[in-house]
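Q: Below: one structure in structure tokens.
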Amino acid sequence: MFVGSTQAAQLMGISARRIRQLLSGGRIQGAFKAGRSWIIPLVEGMPKVSEGTRGPKARWRRKRP
């Protein structure tokens, strides 16, 4: 079963804008764009979102040689 971005946002309890951010970042697995709309597959009734990555650890505490 497939849903659009607004329906996926309602299912997940987050804003439609956040869904679009996840889609543009490629974090929702199996989603594709058809024209101007996103098509999102449902896995067990919910879209499957991959884990995000954090940036590099801060280096401001590192001692200089």
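All of the numbers you see were taken from the coordinates with simple rules; none came from a lab. Fair warning: this is a prediction, and the values are worked out from it, not measured in the lab. Quick reminder, even Gly has a Cβ in these numbers, built from the backbone with ideal geometry, and neighbours come from all protein chains shown.
Q: Condition check: touching a Phe, Trp or Tyr at 6+ places or on another chain (Cβ under 9 Å) and surrounded by 14 or more Cβ atoms within 10 Å (Cβ to Cβ). Does ALA9 satisfy that?
A: On the way: touching a Phe, Trp or Tyr at 6+ places or on another chain (Cβ under 9 Å): no; surrounded by 14 or more Cβ atoms within 10 Å (Cβ to Cβ): yes.
No: the conditions fail for ALA9.
Q: Quick one: what pairs do we get from the stretch 15-44, first residue farther than 11 Å from SER5 by Cα, second of a type in the set (Val, Ile, Thr) and loosely packed, with under 14 Cβ neighbours inside 10 Å, C-beta under 9 Å, 6+ apart or different chains?
A: Between residues of the stretch 15-44 that are farther than 11 Å from SER5 by Cα and residues that are of a type in the set (Val, Ile, Thr) and loosely packed, with under 14 Cβ neighbours inside 10 Å, the close pairs are GLN29/VAL43; GLY30/VAL43.
Q: Additional query: Out of GLY45, GLY55, GLY26, GLY30, which single residue is over 9 Å from the mean Cα position of the chain (by Cα), on the phi > 0 side of the Ramachandran plot and either among the charged types (D, E, K, R) or surrounded by fewer than 10 Cβ atoms within 10 Å (Cβ to Cβ) (or both)?
A: Just one listed residue meets the conditions, GLY45.
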